[in-house]
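Enquirer: What follows is a single structure, and I will ask about it in a moment.
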Amino acid sequence: MGFNGIEAPIRPGGHIEPEAVPDKLPQLVAALEKQNQKLTVLTSNINDPSDPLSEAVLRTAAKLGIRYYRMQYFKYDESKSITKQIDEWRMKMKDLAALNKQLGITAVYQNHAGRNYFGAPIWDLHRGLDGIDPTQVGVAYDIRHATVEAGMSWPIGFHLIRPHIQVVYVKDFTWGEARPTNVPLGDGRVDSKFFRMLARTDFRGPVSLHEEYIDHRKPELVPEHWEAIRKDLKTLKSWL
């Protein structure tokens, strides 16, 4: 298809369960290497640096040359102080950054749309990452989710968080009556001008294409997925 690698869910219910990582992850990386592919981003359920299983997963990933892993989300409790919760998560991310520095791997936190997601408004993620080296804990900037949350003002959030961006996520959506609906790239609200903005920066990280508008729980739809991904990649390359 023309990709350089995959973003693999290495978490409960993903491609590999965390407990099986020491045995199975090297096999996955080796299988990809035979096809001249890399595991570019490891999608995890990790956000607690004190968890022994998380450290074991990261240690194995780092030894295999995997450079990035996506963190688990933090979610707000609306009955508590928002700023205090951000400051608490900042301390956790500082501890995680110290572990990442020791191992030589980078965590990325995705800005995900939603009422109680830390990072959805972007400004809170900027505050939470203040003083943390972006090569230790950075951002997986998702233009779809940023557009959902910010509408027309998403460029302001992008410029605010740009120094922290290590990975870019790409997908598209339209607005339904009550909520956004995922659609093929180019058929929705995501503005192709974003990629011209990105090109004017010093960003050189991976760009990860997400196809989420066909039901992934039905194996019989796999051929439809392949065709959809091919079309989305063609659109993405034209934008890039």
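FYI, it's all coordinate maths here, none of it is from the lab. Being a predicted model, the structure only gives us computed values, none of them experimental. Every residue, glycine among them, receives a Cβ derived from its backbone with ideal geometry; neighbour counts consider all protein chains shown.
Enquirer: Which value results when the Cα radius of gyration for the chain is divided by 2.2 N^0.38 Å?
Expert: 1.00
Enquirer: Find out how many positive minus negative residues lie around residue 76, taking Lys and Arg as positive, Asp and Glu as negative, among other residues whose Cβ is under 12 Å from that of residue 76.
Expert: Working: positive: 75, 80, 84, 115; negative: 77, 78, 88, 124.
Within the 12 Å Cβ shell, the charges total 0.
Enquirer: Additional query: With a cut-off of 8 Å between alpha carbons and a minimum separation of six or more residues, what is the relative contact order of the range 184-240 in percent?
Expert: 53 percent.
Enquirer: For the range 63-167, which trypsin sites (Lys or Arg not before Pro) are both in a DSSP coil and crowded by at most 13 other Cβ atoms within 10 Å? Numbers along the way, then the final one.
Expert: Working: sites: 63, 67, 70, 75, 80, 84, 90, 92, 94, 101, 115, 127, 144; in loops: 67, 80, 115.
Those that pass, being in a loop and sparsely packed, are 80, 115.
Enquirer: Excluding the sites themselves, what is the longest stretch of the chain that contains no GluC sites (Glu not before Pro) in a DSSP loop with at most 10 other C-beta atoms within 10 Å? Before the final figure, lay out the partial values.
Expert: On the way: sites that count: 78, 177.
For GluC sites (Glu not before Pro) (loop position, at most 10 other Cβ atoms within 10 Å), the longest site-free span of the chain is 79-176.
Enquirer: Amide H neighbours of residue 183 under 5 Å, counting only residues 5+ apart in sequence or on other chains, H built in-plane at 1.01 Å?
Expert: 172, 173, 174
Enquirer: So, one more: State the Cα centre-to-centre distance between the range 40-103 and the range 111-167 in whole Å.
Expert: If you average the Cα positions of each part, the centres end up 16 Å apart.
Enquirer: Same structure, new question: Could you work out [θ]222 nm for the chain from helices alone, using -39500 (n - 2.57) per DSSP H run of at least four and dividing by all its residues? Round to the nearest 500 deg cm²/dmol.
Expert: Here the helix-only value at 222 nm equals -12500 deg cm²/dmol.
Enquirer: Kindly write out, for the range 121-134 in residue order, the coupling ³J(HN,Hα) from the Karplus curve 6.51 cos²θ - 1.76 cosθ + 1.60 (θ = phi - 60°), rounded to whole Hz, with x marking Gly and Pro.
Expert: Going residue by residue, I get x, 6, 4, 5, 5, 4, 5, x, 8, 4, x, 9, 4, x Hz, with x marking Gly and Pro.
Enquirer: Tell me the Rg and the Dmax, in Å, that the Cα atoms of the range 43-169 produce.
Expert: 14.1, 43
Enquirer: List the residues whose amide H sits under 5 Å from the amide H of residue 138, counting only those 5 or more places along or on another chain, with H placed 1.01 Å from N in the peptide plane.
Expert: So residue 138 has HN proximity to 107, 108, 109.
Enquirer: Please compare each pair in 38/231; 38/101; 84/193; 38/94; 75/237 to a cut-off of 24 Å on the Cα-Cα distance and tell me which ones are over it. Please list the in-between numbers first.
Expert: Working: 38/231 22 Å; 38/101 22 Å; 84/193 36 Å; 38/94 28 Å; 75/237 34 Å.
Table pairs above 24 Å Cα-Cα are 84/193; 38/94; 75/237.
Enquirer: Please list the non-local residues whose amide H lies under 5 Å from the amide H of residue 169, H modeled 1.01 Å from N, same-chain partners needing a gap of 5 or more.
Expert: 141, 142, 143, 208
Enquirer: Can you work out the Karplus-derived ³J(HN,Hα) for every residue in the range 146-155? Use 6.51 cos²θ - 1.76 cosθ + 1.60 with θ = phi - 60°, whole Hz, and x for glycine or proline.
Expert: Using θ = phi - 60°, the values come out as 5, 6, 4, 6, 9, x, 7, 9, 4, x Hz.
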